[in-house]
Amino acid sequence: MTSSVEREQRLLRGLLRGTLRLLFSGLIRPPMPIAGQRLLLRALSVATRLPQGIHRSQATVGGVPCEWQRPAGESGRVLLYLHGGAYLIGSPATYRAITAGLAKRCGAAVCVPDYRLAPEHPYPAALEDALAVYAALLDHGIAARDIVLVGDSAGGNLLLSAALALPARGLPVPAALVTFSPWTDMSLTHLHQPPAGDPLLTRAWINQAVELFCPAGLAPASAQVSPVNADLTGLPRLLIQVGEDELLLNDSLRLAERARAAGVAVTLQRYPGCWHVFQSHAGVLDVADRALQEVARFIDQPGDTPCPLS
């Protein structure tokens, strides 16, 4: 028998799906100007439910403005969170449901860079900002073994690009990587078409992002901006969470396949009935809360032990 909680969650999913289709994918797309897209995302984030007991502060790290989310009795571990938004929109403020939720569940400080966005700052500005923050954390005495890189969507793209760039800069890789619905292939040649539809992403918006983020002469399929095409050897253990109802499903599946072939310890978690970065509904959807708890479990696992999806 279906419980009242299950019925309530099913109704909430339907309501959120419809709202996102109307207000996000219906509006955050061309021809709306990027400035308007940013304003709308901020407005949609106003009602975010945040966990209690998390202290939020602002600081500059490596020359980049950052927001910190800190739980009481933090462990000393730092999650460096790179937010999504197709490299066009988004900020630390619009991802607080995830970042505060991670701080609470992982018992770790979460640092969220407000990295530069396109079209004002195309590639490689965001990458340089992410690397500057990571290097500064090391300079401040935080060991690489105590840092986990986390990112969603375009932030997952940025996370992978940053992790791959670290050895060439003489910097150690972090303890682990965690990514939600990563955008790994800017060629857009393997997009998924979920039968239920993707209520968040549209092909038109992703096309716009590629055009504004990639400078002239840089092919979207290049490993520089499409890390699924890079040599992934040497990456630390990797957790990938992805919803089944999203355009970028195959970006996650192909990343998992390529990373495993390169010898990376990969945990892939697929969530039926969920859409792009559903973790942003933490505090509202039980499945989002469970997904963030899986991140905490993964981070606490020994280095090569897989973390099962419950």
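Of the residues making up segment 232-245, those that are touching a helix residue (DSSP H, G or I) at 6+ places or on another chain (Cβ under 9 Å) and either closer than 22 Å to I147 by Cα or open to solvent by less than 10 Å² (accessible area, probe 1.4 Å) (or both) are L232, G234, L235, P236, R237, L238, L239, I240, Q241, V242, G243.
The one condition from (1) at negative phi; (2) surrounded by fewer than 17 Cβ atoms within 10 Å (Cβ to Cβ); (3) not in a strand (DSSP E or B) that A59 does not meet is (3).
Residues are listed down the side, and each one gets a yes or a no for (1) farther than 21 Å from I206 by Cβ; (2) under 21 Å from the mean Cα position of the chain (by Cα):
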| site | (1), (2) |
| --- | --- |
| R13 | yes, yes |
| L40 | no, yes |
| G63 | yes, no |
| A72 | yes, no |
| L102 | yes, yes |
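Screening segment 62-78 for residues that are part of a strand (DSSP E or B) and in contact (Cβ under 8 Å) with a residue 60 or more places away in the chain and picking the one that is surrounded by the fewest Cβ atoms within 10 Å (Cβ to Cβ) gives V64. Scanning segment 41-56 for residues that are crowded, with 18+ Cβ neighbours inside 10 Å and among the β-branched types (V, I, T) yields T48, I54.
When you go through (1) surrounded by 11 or more Cβ atoms within 10 Å (Cβ to Cβ); (2) touching a residue at least 60 places away in the same chain (Cβ under 8 Å) one by one for G26, which number turns out not to apply? Every listed condition holds for G26 apart from (2). For R116, the requirement of being open to solvent by 10 Å² or more (accessible area, probe 1.4 Å), over 22 Å from I54 (Cα atoms), at pLDDT 95 or above and under 17 Å from the mean Cα position of the chain (by Cα) is met. Evaluating A109 against the criteria (1) within 14 Å of C66 (Cβ to Cβ); (2) in contact with a strand residue (DSSP E or B) (Cβ under 7 Å, 6 or more places away or on another chain); (3) among the small types (G, A, S); (4) open to solvent by 10 Å² or more (accessible area, probe 1.4 Å) leaves one unmet condition, (4). Looking across segment 209-224 at every residue that is touching a helix residue (DSSP H, G or I) at 6+ places or on another chain (Cβ under 9 Å) and part of a helix (DSSP H, G or I), the one that is most open to solvent (accessible area, probe 1.4 Å) is identified as L212.
The condition (being of a type in the set (A, V, I, L, M) and under 28 Å from C106 (Cβ atoms)) is satisfied by just one residue among V210, V284, V225: V284.
Among the acidic types (D, E), out of contact with any helix residue (DSSP H, G or I) (no Cβ under 8 Å at 6 or more places or on another chain) and in a helix (DSSP H, G or I) - does that describe any residue in segment 279-293? Scanning segment 279-293, I find no residue that is among the acidic types (D, E), out of contact with any helix residue (DSSP H, G or I) (no Cβ under 8 Å at 6 or more places or on another chain) and in a helix (DSSP H, G or I), so the answer is no. For A163, the conditions (1) open to solvent by 20 Å² or more (accessible area, probe 1.4 Å); (2) touching a residue at least 12 places away in the same chain (Cβ under 8 Å); (3) of a type in the set (A, V, I, L, M) all hold with the exception of (1).
The values are calculated or read from the model by the stated rules, or taken from the named source; none is laboratory data. Keep in mind that what you see is a predicted model, and the values were worked out from it rather than measured. Note that each Cβ is placed from the backbone with ideal geometry, even for glycine, and that neighbours are counted across all protein chains shown. Heavy atoms of the whole protein, side chains included, go into the accessibility calculation; ligands, DNA and RNA do not. Shrake-Rupley method; radii C 1.70, N 1.55, O 1.52, S 1.80 Å.
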